[in-house]
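Here the structure is laid out as structure tokens; the discussion comes afterwards.
The values are calculated or read from the model by the stated rules, or taken from the named source; none is laboratory data. Just so you know, these numbers come straight off a predicted model, no measurement behind them. Cβ coordinates were reconstructed from backbone atoms using ideal geometry, including for glycine residues, and neighbour counts include every protein chain displayed. These accessible areas exclude ligands, DNA and RNA; they are computed on the full protein's heavy atoms, side chains included. Shrake-Rupley method; radii C 1.70, N 1.55, O 1.52, S 1.80 Å.
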Amino acid sequence: MKKPFFAHIRMDDGTPTYQTLWEHCEKTAKYASEALAPVGLAATGKLAGLLHDAGKARRAFQDYLYDAVVAGKPVKRGNVNHTAAGCRFFLENYHSTGQLDMPAIVAELLAYACGGHHGLFDCIDAKNGFLCRLLDEKIEYESVKGNFLPDFAQDNDA
């Protein structure tokens, strides 16, 4: 059995409480699905919720999270980009090349929503811009896909 990835760690009286990435993304998917159901976008919300934190499924983010919360080491907030992997997945898998059709528009909107779920500068900043951040090797996209997608694809029909 492989070691789980974590989305959040909280300290309770000196004892860490862990939320798995799977649990967090499932809860977010349920919330987003329910919020968008009244406008007929439940499945779209579910997919966005499932993928929004995909970039946490890699060693660099797990070390960053542990160092910040459990080890109490000084870390720079936002130093490890966890939003770009989900953006890149939407654009690579749901964006039509060369056409501005409805699937392309939805893919772009979901990519920006995923990339900016903590604020606009998750996905756009003055130094890098949106596309540059998606192609940055530091997001370890191939590793994230290998760590995150197989588990989620097995148990979800989004």
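Here is a yes/no grid of residues against (1) surrounded by fewer than 20 Cβ atoms within 10 Å (Cβ to Cβ); (2) not in a helix (DSSP H, G or I):
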residue: H8; (1), (2): yes, yes
residue: Q19; (1), (2): yes, yes
residue: H24; (1), (2): yes, no
residue: K27; (1), (2): yes, no
residue: A43; (1), (2): yes, no
residue: L47; (1), (2): no, no
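In a residue-by-residue description of the range 78-89, the property of being of a type in the set (V, I, T), open to solvent by 20 Å² or more (accessible area, probe 1.4 Å) and part of a helix (DSSP H, G or I) applies to no position.
Here the range 110-135 is the region considered, the condition is being part of a loop (DSSP other than H, G, I, E, B) and open to solvent by 50 Å² or more (accessible area, probe 1.4 Å), and the residue that is modelled with the highest pLDDT is H118. For the range 49-67, filtered to residues that are touching a residue at least 40 places away in the same chain (Cβ under 8 Å) and either of a type in the set (D, E) or more than 14 Å from V144 (Cα to Cα) (or both), the residue that is most open to solvent (accessible area, probe 1.4 Å) is Y66. For A153, the conditions (1) closer than 25 Å to T17 by Cβ; (2) at pLDDT below 80; (3) part of a helix (DSSP H, G or I); (4) small (G, A, S) are fulfilled apart from (1).
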